[in-house]
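*Asks:* Next up is a structure, given as structure tokens.
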Amino acid sequence: MERGAVAGLHNAEPYRVSLTDIFEGPMDLLVHLIRKNEISITDIPIAMVTEQYLQYLEWLEAMNVEYAAEFVVMASSLAQIKSRMLLPLHAEEGDEEDDPRQEIVRPLLEYLKLKSAAAQLSERPLLGEDTFTRGVKPGDLVPPGDEEVIKIGLFELIDAFQKILAGLPDEARIEFTTDTISVQERISQIADQLEIKGSLTFFELFADQPRRSEIIVTFLATLEMVKLSLIRIVQHVNSGIIRIFYM
């Protein structure tokens, strides 16, 4: 968590990105944490997941990113379940009805079912869908012969940016000067690069030795471009490379 770096950014660049109506919601963050930690959805280590969930919200807030109130509601629910897990059970050990985690497991399972059904429906041809617009097909995203790609979400993107920040030297500090780039300027730069190349890998967004300020501004610019439907972000299935395409 780069608190000092982000604090400096807030003072110099009071730019806020809102996640309302874009990216995922609190359920998607839980699913991401479950998959990331390779844990069973029916046996969630609630203390660990709650801590990591709050870390993501803290990181978004520190990065000056606004998120929906539903994230805070979910955080409160997780904290309540965590507290109840510390209380002794009044029924037999292992009784499903007395396991507080079921309050989150059941909605999660239902959510995954709905999301799977929605994904299947989105793949079906719709009457008149090609009348006015041309949809993006999987084959349009990569040249023929390249490996399969999948669309990634906000939380995978956060993980990637955190790795970039973690790779910087500890002694590195943000030094804001009059030539510090703004989010709007960074959006223009990325758009120009995509106009020329068509697509960029995630690491091509950064200079050889980027400053923390540049990384943070790039993160905010990327979110804004997704919100404006300017770019599409995917990940190569086999190599794990994240690639950005102009829409």
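*Asks:* Neighbour counts of other C-beta atoms within 10 Å: give me T218, T42 arranged from fewest to most.
*Replies:* T42, T218
*Asks:* Cβ under 13 Å from M48's Cβ, M48 left aside: what net charge do those residues give with Lys, Arg +1 and Asp, Glu -1?
*Replies:* With Lys, Arg at +1 and Asp, Glu at -1, the net is 0.
*Asks:* For a footprinting-style exposure proxy, rank F161, F219 by other Cβ within 10 Å, fewest first.
*Replies:* The order, fewest Cβ neighbours first, is F161, F219.
*Asks:* Now for a different question. Please go through the residue pairs K163/K227; K82/K163; K113/K151; K36/K115 and name each one whose alpha carbons sit more than 27 Å apart in this structure.
*Replies:* K82/K163
FYI, it's all coordinate maths here, none of it is from the lab. The shown structure was predicted, so the numbers you read here are calculated from the model rather than taken from an experiment. Every residue, glycine as well, gets a Cβ built from its backbone with ideal geometry; the counts of neighbours run over all protein chains shown.
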